[in-house]
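Inspection log for the structure reproduced underneath, given as structure tokens.
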Amino acid sequence: MATSEHDPLRERIEAEASAPSELRRSLSARHLTMIAVGGSIGTGLFVASGATIAQAGPGGALLGYVLIGLMVYFLMTSLGELAAAMPVSGSFSTYGARYVDEGFGFALGWNYWYNWAVTVAVDLVAAQLVMAYWFPDVPGVYWSALFLAITFGLNALSARGFGEAEFWFALIKVIAVLAFVAMGVMMLLGIIRGGETGGVANWTIGNAPFAGGFAALIGVAMVVGFSFQGTELIGIAAGESKDPARNLPRAVRQVFWRILLFYVAAILVIGLLIPYTDPHLLRNDVTDISVSPFALIFERAGLLGAASVMNAVVLTSVLSAGNSGMYAATRMLYSLARDGKAPRVFGQISRNGVPMWALVATAAVAALCFFTFVFSPNAVYIWLLNTSGMTGFIAWLGIAISHYRFRRGYLRQGLDLAKLPYVSPFFPFGPIFAFVLCMIITLGQNYQAFLQDKIDWGGVVATYIGIPLFLLIWAGYRLVRGSSFVKYRDMHFPAGGTPVHDDAPVTTAPDSVLR
């Protein structure tokens, strides 16, 4: 194994595993599994899935979910290899700094913290919109304040408190999806009435199954990509998981089957039961749960109060996303502080193992949700969503790049893959495929703005502002700190194996790689 007497990353891994004043490994295998489930099931499936079918047809939507689901699975296998070998709380930032460029890791870390801190604010505004279904006369800021306090409290207790809350949030969503798929199958088989007019016939209406052609498929891919964001949270949770070398690979292997069951099966059922020309599917609005394809099919099966049931499920999804976002942003800010890339105060740990000041800073950004006291909740929701939309895809790109360079450097130094706790079986195709597809989605998110007679520069700026900001942060760090791309021969693998040959080169990266 390539090693040195002083390795900051190795010391952090050991500290986070044992020292009482550091992060504590209190997340079990069931927590990791449900964290990944919670990250991959949200309002994108419960509400926006209908719009994807209306836009691209049942076949186009299904192909979009399969394609993006495959990309996400490849990303998770890449992340699994990295996180199992180096289970630290700031995974993306640490891997980017160690195997790409110190400035790249710096920009990736701040990008991810901003992404989830703002996303918490988005979810708190969404909670206002959902609660208005039941309590239209109660000011929405009250609900945001209540849910912000709950989310803050769950994360302030301990990592286990977050994990337990996420376990039950995710379980509710899993039960809802399984019940929906089971009911849909029974309707198609005629066991439950309501599906008599559905079936394969819905795939022959109009331009089905691929309505809208390739352009519609690209548009669907963007929506689906947003739906899957959050699956990578298991990488952040690795720093506080029990036996990460064993539990992380197990969680990663289950990602494929979760995607297949929870997304592909659900989209297939919707496409078979509801024609893509149904006007209800054309609406994609978190404020109107009654148009969710889940609610529509429950109603056609004779389930009274289906809209209220789905409203409760969507509220659970929103709170789950907010809970996860608070955790992810807090741990990333803590990691940046420990690596000297953020004020040291954010690296301080409370007695129960929580980076409290990092949590307070994240909650302060989440308080942007209170802008609804001045502006319309719908306007604030869209504004916040646009400001954070690109950042999640940048994190995915960072995972693909980091894993590709990690494996290339590992093999270049003659190290044995069998010594790694988990080895991605799809290298190099997996990270390359994920990078290319993710780049296409990232750059094509608002391609329509360039096809108009007059370019919508306002829409362009709102969509793509995250890219130049990321590049400016990266370039600024390189200019100030003088960082450069890490050469393969200088890479350090703290959890790596042993050289395959006795005469294999054994080199280490300078300590400054993580400073």
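For the stretch 449-468, the candidate set comprises residues that are part of a helix (DSSP H, G or I) and free of Cβ contacts under 8 Å to residues at least 12 places away in the same chain; within that set, the residue that is nearest to residue 83 (Cα to Cα) is 468.
So, in the stretch 376-415, exactly how many residues are touching an Asp or Glu at 6+ places or on another chain (Cβ under 8 Å) and either polar (S, T, N, Q) or farther than 30 Å from residue 123 by Cβ (or both)?
At the first step, the residues of the stretch 376-415 found to be touching an Asp or Glu at 6+ places or on another chain (Cβ under 8 Å) are 395-396, 399, 403, 406-407.
Subset that is either polar (S, T, N, Q) or farther than 30 Å from residue 123 by Cβ (or both): 406-407.
Looking only at that region, the number is 2.
May I ask you to verify whether residue 417 is at pLDDT 90 or above, of a type in the set (A, V, I, L, M) and out of contact with any strand residue (DSSP E or B) (no Cβ under 9 Å at 6 or more places or on another chain)? Answer is yes for this residue. Residues in the stretch 390-414 that are open to solvent by less than 10 Å² (accessible area, probe 1.4 Å) and outside any helix (DSSP H, G or I) were compared, and the one that is nearest to residue 231 (Cα to Cα) is 390. If we keep just the residues of the stretch 96-120 that are of a type in the set (Ser, Thr, Tyr) and open to solvent by 10 Å² or more (accessible area, probe 1.4 Å), which is modelled with the lowest pLDDT? Selected residue: 119. Residue 365 satisfies every condition listed in (1) of a type outside the set (S, T, N, Q); (2) modelled with pLDDT of 80 or more; (3) in contact with a Ser or Thr (Cβ under 9 Å, 6 or more places away or on another chain); (4) open to solvent by 30 Å² or more (accessible area, probe 1.4 Å) except (3).
For the stretch 299-341, give me each residue that is in a loop (DSSP other than H, G, I, E, B) and either basic (Lys, Arg) or at pLDDT 90 or above (or both).
Once the filter is applied, which keeps residues that are in a loop (DSSP other than H, G, I, E, B) and either basic (Lys, Arg) or at pLDDT 90 or above (or both), the stretch 299-341 yields only 341.
Filtering the stretch 448-470 down to residues that are of a type in the set (Phe, Trp, Tyr) and surrounded by 15 or more Cβ atoms within 10 Å (Cβ to Cβ), which residue is farthest from residue 109 (Cα to Cα)?
Initially, the stretch 448-470 is screened for residues of a type in the set (Phe, Trp, Tyr), giving 450, 457, 464, 470.
Filter once more, so that each one left must be surrounded by 15 or more Cβ atoms within 10 Å (Cβ to Cβ): 464, 470.
On the way: 464: 19, 470: 10 Å.
Here the residue is 464.
Can you find a residue in the stretch 402-416 that is under 23 Å from residue 151 (Cα atoms) and touching a helix residue (DSSP H, G or I) at 6+ places or on another chain (Cβ under 7 Å)? No; the residues of the stretch 402-416 include none that is under 23 Å from residue 151 (Cα atoms) and touching a helix residue (DSSP H, G or I) at 6+ places or on another chain (Cβ under 7 Å).
Kindly indicate the residue of the stretch 121-165 that is more than 24 Å from the chain's Cα centre (by Cα) and hydroxyl-bearing (Ser, Thr, Tyr) and also least open to solvent (accessible area, probe 1.4 Å) among those meeting that condition. Selected residue: 133. For residue 427, indicate whether it is among the hydrophobic types (A, V, I, L, M, F, W, C) and surrounded by fewer than 24 Cβ atoms within 10 Å (Cβ to Cβ). So residue 427 passes the test. Tallying residues that are polar (S, T, N, Q) and more than 17 Å from residue 371 (Cα to Cα) within the stretch 122-151 yields 1.
Of all the listed residues (214, 226, 210), the sole one being without any contact (Cβ under 8 Å) to a residue 12 or more places away in the chain and open to solvent by 10 Å² or more (accessible area, probe 1.4 Å) is 214. Candidates are the residues of the stretch 345-360 that are in a helix (DSSP H, G or I) and touching a helix residue (DSSP H, G or I) at 6+ places or on another chain (Cβ under 6 Å); the one that is nearest to residue 146 (Cα to Cα) is 359. Considered as a group, the residues in the stretch 486-502 that are over 14 Å from residue 412 (Cβ atoms) and open to solvent by 60 Å² or more (accessible area, probe 1.4 Å) include one that is modelled with the highest pLDDT, and that residue is 498.
For beta carbons closer than 6 Å, sequence separation of 6+ or different chains, a first residue in the stretch 83-99 that is under 16 Å from residue 337 (Cα atoms) and a second that is outside any helix (DSSP H, G or I), the qualifying pairs are 89/23; 94/88. When the stretch 374-389 is filtered for residues that are open to solvent by less than 60 Å² (accessible area, probe 1.4 Å) and of a type in the set (Val, Ile, Thr), the ones remaining, listed by number, are 380, 387. Residues in the stretch 327-352 that are in contact (Cβ under 8 Å) with a residue 60 or more places away in the chain and in contact with a Pro (Cβ under 8 Å, 6 or more places away or on another chain): 330, 331, 333, 334, 339, 349.
The values are calculated or read from the model by the stated rules, or taken from the named source; none is laboratory data. Note that the structure is a prediction, hence the values are computed from the model and not measured. As a convention, Cβ positions derive from the backbone with ideal geometry for all residues, glycine included, and neighbour counts pool all protein chains shown. To get the accessible areas, we keep the full protein, side chains included, count just its heavy atoms, and leave off ligands, DNA and RNA. Shrake-Rupley method; radii C 1.70, N 1.55, O 1.52, S 1.80 Å.
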